[in-house]
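Notes for the one structure printed next.
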Amino acid sequence: MDEQPEPATEPAVDAGPPLDRRAELSEFLRTRRARLKPEDVGLPDFGRHRRVPGLRREELAQLAGVSVAYYTRLEQGNGRNVSAEVLDAIARALRLSDAESSHLTHLAKPKQHKKKPSPPTQHVRTALRQLLDSIDTVPAYISGRRSDILVWNRMAAAVFGDWSQLPPQERNWARLVFLRPEYRELYVDWEQKATDIVSMLRMDAGCHPDDPRLSALVGELSVKSEEFRRMWATHDVKEKTYGVKRLHHPLVGDLTLNFEGFRLGDGSEQSLITYHAEPGSPSADALRLLASWGTDATRAGSGAEKHGRPAGR
């Protein structure tokens, strides 16, 4: 497998301050309310001037069947005693997706637990490493919290770059997509890939607001990338477990790959991600070519990355 052994403990980081759950709840509800218009939810619009976009608090409260004062307290981050039934009513009124409803619940009714400095160190089971080793024609990797890339197979290295050449803390999709120019070249629809990554980080923030590594990552990206700051401010959350990605590979050109994400059921918060091409397509031929080149493809790609550009461009 094209990877370095995972360290016994994760490398030290300059921990950022914990994310403010009350502020996160307030901004999430405000941005969800702002994206709706009265006509979207069956309310009359009398043409009155609206100082802010979207539904007013009183309109949202009416739709959810709660008092304006109660909803206002919740939107101000005071949701400690809110019931699941009220959250469901607000989620329906806001037209939230399943992922957004889950995120709202995490923010408004956090699980009670002893405060820990950080979630446990991420380890990948030996059997999963062996599974990746056995998949020699399909790019596959395992990702964990914070969009960390934990382990991968040879084909993933041939398609996405030789991550073993990076320090462990840099093997992270958010850092790769926002801070490394070669990934802007690799992804034909870079904006969509970046949006997906930010949405997943938002979900992590709802589940682990006290994770210092996550807050440090968000802080670093906010300082270094204006695009990340813009996307983070939208408070969008979603889970994307399948779809299509279009790549421009430095060696074999354009690739159209279907991806599937499988959440592991062992409580590790890890996912197995695989990519495959339509049988008989030019992309399938290109993957077979990369597989036949073996480590030569990986070396060529990593050699380009050292110069900050894709090979052959």
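Share of Cα-Cα pairs in the range 164-242 beyond 19 Å, in percent? Numbers along the way, then the final one.
Values: 1060 of 3081 pairs.
So the pairs more than 19 Å apart make up 34 percent of the total in the range 164-242.
Between Asp98 and Ala69, the simple spin-label model (points 7 angstrom out along Cα→Cβ) gives 3.8 nm.
So what is the relative contact order for the range 238-298, in percent, with contacts set as C-alpha pairs under 8 Å and at least six apart? Intermediate results must be reported in sequence, preceding the final value.
On the way: 77 pairs, mean separation 15.0, N = 61.
Once normalised by length, the contact order is 25 percent.
The average projected area of the range 21-108, computed from the convex hull of its Cα atoms over all directions, is 5.4 nm².
Would you please put 228-237, 254-263, 80-89 in order of how densely packed they are, using the mean number of other Cβ atoms within 10 angstrom per residue and starting with the highest?
On the way: 228-237: 17.8, 254-263: 15.8, 80-89: 13.8.
Highest mean packing first, the order is 228-237, 254-263, 80-89.
Over the range 126-306, all Cα pairs binned in 5 Å intervals from 0 give whole-percent P(r) values of 1, 8, 16, 22, 21, 17, 10, 5, 1, 0, listed from short to long.
Quick note: the coordinates plus some simple rules give every number you see, no bench work behind them. What you are looking at is a predicted structure, and each value in this text was computed from that prediction instead of being measured. Please note: Cβ atoms are built from the backbone with ideal geometry, for glycine as well, and neighbour counts cover all protein chains shown.
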